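For reference, the structure discussed in these notes is given below.
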């Protein structure tokens, strides 16, 4: 009867999360890379067919295609383009639907894809549609929740806002290091140090050292660049790094997992593959620190 009446069940945010977690379980489960990626794609297609009206599912499914490329670095170019095309199609559908926050987020992501594809006019048009948000309503929400006698909701709202603010700050600091802006070594150094300070204070992966590799190379300091690279690899393959639960839980609903690396082995594999393609990083191949770091990556990739 539901099928005859074209009724489609809507999913709550928690149900969407559970469904996407199920997809990721397939991507990281048993079997060859081809079998796992095929299983993940099949599950996503099944979910999208079953819940065509769930914008949250469609948005999260689109984002998950980025993880396919990350988890399966050995996939061919044709497969990578297919994943990007599928992501773009889902984003376009959500953008055209005109539904509030999802439309805005899709506009930003589509603008980024347009830049990657050289469609700068399209990217500019999408970005101009976005509102200039000058205020954050979190403080008002907190006041409302407290007035309603909901201190837990006030806490969660504050923690989520803090997390978003920190990720934006880290993104900006990472951008300040880019020499394409206007090469300034002192600014790069300060931005990288600030990145490390924030990351280590709040429990994010510290990428401050890897940000400085290019700056040291431009100064002809290959040994310093290699040392930065080695420091980053140590953090990448080290103990788990997670947002500080005291500051972000229950707002982010963190789950403590002991005894795992800072990133998944798939991400380590992807990082190692990308290094071998990076001509600038390969300039460091004669540096002891770089050699030690690559040996570390190789050992991590060979672990069961």
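Only Cα pairs under 8 Å and 6+ residues apart enter the sum, and on that basis the relative contact order of region 1-134 stands at 17 percent. Taking Cα atoms only, the orientation of helix 288-302 departs from the longest principal axis of the chain by about 40 degrees. Taking Cα pairs under 8 Å and at least six residues apart, what relative contact order does the chain come out at, in percent? The normalised contact order for the chain reaches 12 percent.
The alpha carbon radius of gyration of region 65-128, expressed as a multiple of 2.2 N^0.38 Å, is 1.19. The length gained by stretching the chain between residue 198 and residue 299 to full extension, at 0.36 nm per residue less their Cα-Cα distance, is 33.4 nm.
Extension gain, residue 280 to residue 33: 0.36 nm times the residue separation minus the Cα-Cα distance gives 86.0 nm. Using r as the Cβ-Cβ distance of residue 291 and residue 189, and R0 as 25 Å, what FRET efficiency do you calculate, to the nearest 0.05? So the FRET efficiency works out to roughly 0.50. Label positions at residue 168 and residue 244, each projected 7 Å from the Cα along the C-beta direction, are separated by 2.1 nm.
Based on every Cα atom in region 1-131, Rg and the maximum pairwise Cα distance Dmax equal 15.8, 48 Å.
Global size of region 56-177: 17.8, 56 Å for Rg and Dmax (C-alpha atoms, Rg to one decimal, Dmax whole).
Residues 212, 108, arranged from fewest to most other Cβ atoms within 10 angstrom of their Cβ, appear as 108, 212. Annotation: extensible slack from residue 70 through residue 93 equals 5.9 nm (criterion: 0.36 nm per residue apart, minus Cα-Cα distance). Calculate how large, on average over all directions, the projected area of the Cα convex hull of the chain is; give the answer in nm² to one decimal. In nm², the orientation-averaged hull projection of the chain is 19.6.
This ranking places 71, 290 by how few other beta-carbon atoms lie within 10 Å of each, fewest first, which gives 71, 290. Compared with the dominant Cα axis of the chain, that is its longest principal axis, helix 77-97 is turned about 40°.
Sorting the Cα pairs of region 157-304 by distance into bins of 10 Å, from 0 upward, gives 11, 36, 35, 16, 2 percent per bin.
Normalising the average separation of contacting C-alpha pairs (under 8 angstrom, six or more residues apart) by the number of residues puts the relative contact order of region 157-304 at 22 percent. Taking 7 Å steps out from each Cα toward its Cβ at residue 117 and residue 81 produces label points 1.2 nm apart. Please determine, in degrees from 0 to 90 and to the nearest 10, the orientation of helix 265-277 with respect to the longest principal axis defined by the Cα atoms of the chain, where the helix direction is its Cα long axis. The angle comes out at about 50 degrees.
Bear in mind these aren't lab numbers, they're just calculated from the coordinates by the rules spelled out. Quantities reported herein were computed from a predicted structural model and do not represent experimental measurements. Because the Cβ atoms are built from the backbone with ideal geometry, glycine has one as well, and the counts that use them run over all protein chains shown.
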